[in-house]
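Contents: one structure, followed by commentary.
Bear in mind that the values in this text are calculations on the coordinates, not laboratory data. This structure is a prediction, so every number in the text was calculated from the model and none was measured. Cβ coordinates were reconstructed from backbone atoms using ideal geometry, including for glycine residues, and neighbour counts include every protein chain displayed.
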Amino acid sequence: MQAVIMAGGKGTRLASITKDVPKPMVDFCGRPLLTYIVENLKENGVDDIILVTGHLGNVIKEFFGSGAEFGVNIRYFNEETPLGTAGALSFIKDMFDDTFFLVFGDLFLNIDFKKFYDFHKSKGADITLFAHPNSHPFDSDVIITDEADRVTGWAYKKDARDFYYKNLVNAGVYVLQKSALPRTVGKQDLEKDIIIPKIESGKIFAYNSSEYVKDIGTPERLRLVETDYKNGVCEKRNLKHRQKCIFLDRDGTINRFVGLVKTKEQMELLPGAAEAIKRINESEYLAVCITNQPVIARGDVTFGELEEINNKMHTLLGNDGAYLNGLYFCPHHPDKGFDGEVKELKIECDCRKPKTGLVKAAAKRFNIDFKNSWFIGDTYMDVMTGINAGTKTVLLKSGAADKNEKYKCAPDFEAQDLAEAVDIILRGEKV
């Protein structure tokens, strides 16, 4: 497989430490940052690399040479004048395979490129963006996607947002089809000139991953990423490794229980919920929400209205620096014969809690290890879901939901609220 690395940045904000080297060659734990990108690509079978250089490009070429020392083949294209984030691609199209990775050289990353590639191919995409939630979506460009992960819109951070949105931002890593590149030659911006104009084609997708991708654009960010690297965080996040997860119920666990939530106005976070989820985000665990939403089958709420409700939750969490790695919901309900019901959704399914269809879907996406994961919820049904999946469980006392005796079972722990439950897990309490 093949990759193009955009390595021409000056690194103005890193000027105090880059000195006589280009930004991708900044020292990272004793080696140039770019070596880690090359190694991560090689580990995934990407051994044909094109380096697009610019400012002090000779430093990069002298260090890497032909790439033989690193077990890869490296070719170069040097921008005599800056061509934007994508202008160089039009000059070197003849060097590309039909499908290739594009990586920006100011990132530290540790990802499973094969899994990323397989997703791209399964969607029949022209361009797939590596995307993830972050702790500051309000200050980031946000990607709008549909239920099939197709990109349908783009919300710039500079624009006022009068809507709720899912926390999903572009990470700066892509899979592209050569045929998706424009014929125009000259200075171009990857997002504005190539990706966004093609959204209407329906061939742009976002791959939502929990893996480690962060830019090192400032001395502060560089130090934080180095700390994560030294602590093994970056490697553990690679999806080739089994992931630990804290599964979370929604109503009564993250947001106030008001019965069935039918409007976005009813979506209100519980006190301390965002801070608790933020602590999960900063730990070795993923945070994934699993929720039954029979309001769809009952005809009370459309899929679009439920998305608005969930997007409000994502927005409120993001405003407090927290995020969910994933959210999975069951729209079904087995009981039939009610006015306004959606008959095709009134079925026995394998995704309605306490069945495990949703947690299995999350496990497939994120390579989750149930044995070392947890399920937190405010009902016996949540606890039973965790037991059925093979996770450890915490029952919340704070939820106002009826503790349905039908599913009564013994949780591993009980906690007053989500904050206490997260305390129990992160303290490493033994079952």
note = Answer in debye to the nearest 20: the dipole magnitude of region 242-426 about its Cα centre, from +1 Lys/Arg and -1 Asp/Glu charges placed on Cβ, is 600 debye
ask   = Tell me, in nm to one decimal, what length is gained between ALA180 and LYS198 on full extension, where the rule is 0.36 nm per residue of separation less the Cα-Cα distance?
value = 5.6 nm
note = In terms of the charge dipole of the chain, which places +1 on Lys and Arg and -1 on Asp and Glu at the beta carbon, the residue among LEU269, ILE254, PRO331 farthest towards the positive end is PRO331
ask   = Within the chain, which cysteines find no other Cys whose Cβ is under 4.7 angstrom from their own?
value = CYS29, CYS234, CYS245, CYS289, CYS349, CYS409
message = Using +1 at the C-beta of Lys and Arg and -1 at the C-beta of Asp and Glu, which of LEU168, HIS136, MET95 has the Cα lying farthest in the positive direction of the dipole of the chain?
response = MET95
query = When the chain is treated as a GNM, springs tying every alpha-carbon pair under 10 Å, which of SER398, SER135, SER201 comes out with the largest mean-square fluctuation?
reply = SER201
remark   = quick note, region 1-160, DSSP beta bridge pairs, % antiparallel (nearest 5) is 25 percent
request  = Return a whole-number percent for the relative contact order of the chain, with Cα pairs under 8 Å and 6 or more residues apart as the contact set.
outcome  = 13 percent
query = Counting Lys +1, Arg +1, Asp -1, Glu -1, what net charge surrounds THR393 among other residues with beta carbon under 9 Å of its beta carbon?
reply = -1
remark   = Two pseudo-spin positions, 7 Å from Cα along C-beta at HIS136 and at PHE338, lie apart in nanometres by 4.4 nm
task = Name the residues whose placed amide hydrogens come within less than 5 Å of the amide hydrogen of ASP141, ignoring near sequence neighbours (fewer than 5 apart) on the same chain.
result = LYS157
query = Dipole of the chain, Cα-centred, from +1 at each Lys and Arg C-beta and -1 at each Asp and Glu C-beta, to the nearest 20 debye?
reply = 500 debye
request  = Pull up the DSSP beta bridges for region 242-426 and report the antiparallel fraction as a percent, rounded to 5.
outcome  = 5 percent
ask   = Does anything in region 264-302 have its amide N under 19 Å from the 7 Å Cα→Cβ label point of ASP369, and if so which residues?
value = 280-288
query = Using the per-residue mean of other Cβ atoms lying within 10 Å as a proxy for protection, in what order, highest first, do the peptides 244-254, 267-277, 368-378 fall?
reply = 244-254, 368-378, 267-277
message = What FRET efficiency comes out for ASP159 versus VAL258 if R0 is 30 angstrom and r is the Cβ-Cβ distance? Round to the nearest 0.05.
response = 0.40
remark   = So the FRET efficiency between ASP350 and LYS114, C-beta based with R0 = 35 Å and rounded to 0.05, is 0.80
remark   = Along region 257-263, Karplus-curve 3J(HN,Hα) (6.51, -1.76, 1.60; θ = phi - 60°) to the nearest Hz, with x for Gly and Pro, reads 7, 10, x, 7, 7, 10, 9
Rounded to 5, percent antiparallel among DSSP beta bridges of the chain = 35 percent
ask   = With all pairs of different alpha carbon atoms counted, what Kirkwood hydrodynamic radius in Å does the chain show?
value = 23.1 Å
query = In deg cm²/dmol and to the nearest 500, what is the mean residue ellipticity at 222 nm of the chain if only DSSP H runs of at least 4 residues count, each as -39500 (n - 2.57), divided by the residue total?
reply = -7500 deg cm²/dmol
query = Between ASN231 and ASP98, how many nm apart are label points set 7 Å from Cα along the C-beta direction?
reply = 4.4 nm
